[in-house]
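*Asks:* Right, I'll just put the structure down here and ask away after.
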Amino acid sequence: VDKSALEKLLAQAEEYAEKIDIYTPDTAEIFQAAYSGAKDVYADAGAIQEEVDSAYTVLRQAIFGLREIPDKDKLQELIEEAEKLDLSKYTDESVNALTMALAEAKAVFEDDNAGEADVRKAEQKLHTAMEGLSEKTGKGDTDETSGNEKNETVKAVRTGDDTSLLVWMFFLVAGAGCTVCVLNLKKRNSR
């Protein structure tokens with residue numbers, strides 16, 4: 001039985017075992033089980049080649065699966081900053097988005113097995129939600145424009161004559177209906 005590859009891998013794995021505390025608990029646990037199993041197979045004089053090869057593969061995968069515990073300092077700062085905000089002056093919609101992002105960020109922060117990508121994603125989402133807070137205007141949470149701005153918009157739509165908007169809407173709908181009829185007739189004639 002050739003155990004040379006397993007022997008080399010065990011020597012490499014020992015370095016990871018010495019600094020196991022820097023890895024997420026889940027990946028560290030998987031590694032330690034694989035490392036222990038590989039050492040047992042290596043020490044077993046009666047081990048067959050299939051067992052040695054299997055122990056090698058499992059240990060190698062466990063080493064590749066190790067994930068370092070990410071730095072969560074920036075995420076913690078963002079959470080603390082978000083919690084200090086006076087949300088009463090912002091619209092309900094933007095506050096709801098922030099509340100959801102904050103809950104997700106806290107969950108990632110408290111998750112010992114969260115990876116680097118999870119932490120960065122939570123940071124980005126929370127930062128975006130904080131940047132997206134919209135202040136209330138005074139008339140209501142979702143009303144972003146004042147009465148004067150609305151009047152200006154309505155005036156800008158007018159074309160210079162006093163034809164009502166309803167008449168124009170009627171012609172638009174009638175025109176669309178005629179177009180559909182013509183297309184259906186062409187479709188029937190082409191069959």
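*Asks:* Filter segment 15-26 down to residues that are part of a helix (DSSP H, G or I) and touching a residue at least 12 places away in the same chain (Cβ under 8 Å) and give me whichever is farthest from Gln49 (Cα to Cα).
*Replies:* Filtering segment 15-26 down to residues part of a helix (DSSP H, G or I) leaves 15-18, 20-22, 25-26.
Okay, now just the ones that are also touching a residue at least 12 places away in the same chain (Cβ under 8 Å), so 16-17, 20, 22, 25-26.
On the way: Tyr16: 25, Ala17: 25, Ile20: 29, Ile22: 33, Pro25: 31, Asp26: 29 Å.
Step by step, filter segment 15-26, then rank; the result is Ile22.
*Asks:* Please specify each residue of segment 116-133 satisfying the condition of being open to solvent by 40 Å² or more (accessible area, probe 1.4 Å), under 15 Å from Ala82 (Cα atoms) and within 11 Å of the chain's Cα centre (by Cα).
*Replies:* Answer for segment 116-133, where residues must be open to solvent by 40 Å² or more (accessible area, probe 1.4 Å), under 15 Å from Ala82 (Cα atoms) and within 11 Å of the chain's Cα centre (by Cα): Gln124, Lys125.
*Asks:* Now for a separate question. Six or more apart or on different chains, Cβ under 6 Å: which pairs go from a residue in segment 58-81 that's more than 13 Å from Ile22 (Cα to Cα) and open to solvent by 30 Å² or more (accessible area, probe 1.4 Å) to one that's charged (D, E, K, R) and at pLDDT 95 or above? Could you list them?
*Replies:* So the pair list comes out as Lys74/Glu123.
*Asks:* Right, another one. Keeping to segment 27-56, report how many residues are exposed (fewer than 14 other Cβ atoms within 10 Å of the Cβ), assigned to a helix (DSSP H, G or I) and not hydrophobic (A, V, I, L, M, F, W, C). Write out each step before concluding.
*Replies:* Here is the first cut: in segment 27-56, the ones exposed (fewer than 14 other Cβ atoms within 10 Å of the Cβ) are 33, 36, 40, 43, 45-46, 48-50.
Next cut, assigned to a helix (DSSP H, G or I) only: 33, 36, 40, 43, 49-50.
Among the residues that remain, those that are also not hydrophobic (A, V, I, L, M, F, W, C) are: 36, 40, 49-50.
Of the residues in that region, 4 qualify.
*Asks:* Another question, then. Which residue, of Lys84, Lys121, Lys74, is modelled with pLDDT of 95 or more, touching an Asp or Glu at 6+ places or on another chain (Cβ under 8 Å), among the charged types (D, E, K, R) and over 27 Å from Ala33 (Cβ atoms)? Outline the logic, then answer.
*Replies:* Details: Lys84 fails: touching an Asp or Glu at 6+ places or on another chain (Cβ under 8 Å); Lys121 fails: touching an Asp or Glu at 6+ places or on another chain (Cβ under 8 Å).
On inspection, the qualifying residue turns out to be Lys74.
*Asks:* Looking only at segment 1-20, how many residues end up being closer than 12 Å to Leu66 by Cα and touching a helix residue (DSSP H, G or I) at 6+ places or on another chain (Cβ under 8 Å)? Let's see the steps before the verdict.
*Replies:* In the first step, residues of segment 1-20 are kept if they are closer than 12 Å to Leu66 by Cα; the result is 13, 16-17, 19-20.
Now narrow it down to the ones that are touching a helix residue (DSSP H, G or I) at 6+ places or on another chain (Cβ under 8 Å): 13, 16-17, 20.
Adding up the residues that qualify gives 4.
*Asks:* Name, by its number, the condition in (1) surrounded by fewer than 18 Cβ atoms within 10 Å (Cβ to Cβ); (2) more than 19 Å from Glu15 (Cβ to Cβ) that does not hold for Thr91.
*Replies:* (1)
*Asks:* Condition first: among the charged types (D, E, K, R) and either without any contact (Cβ under 8 Å) to a residue 12 or more places away in the chain or open to solvent by less than 60 Å² (accessible area, probe 1.4 Å) (or both). Now tell me which residues in segment 94-115 satisfy that.
*Replies:* Keep residues of segment 94-115 that are among the charged types (D, E, K, R), which gives 104, 106, 110-112.
Once the filter is applied, which keeps residues that are among the charged types (D, E, K, R) and either without any contact (Cβ under 8 Å) to a residue 12 or more places away in the chain or open to solvent by less than 60 Å² (accessible area, probe 1.4 Å) (or both), segment 94-115 yields Glu110, Asp111.
The values are calculated or read from the model by the stated rules, or taken from the named source; none is laboratory data. Bear in mind the structure is a predicted one, so any value in this text is a computation, not a measurement. In this analysis, Cβ positions are derived from the backbone assuming ideal geometry, glycine residues included, and neighbour counts consider all displayed protein chains. The accessibility values were calculated without ligands, DNA or RNA, using every heavy atom of the protein model including side chains. Shrake-Rupley method; radii C 1.70, N 1.55, O 1.52, S 1.80 Å.
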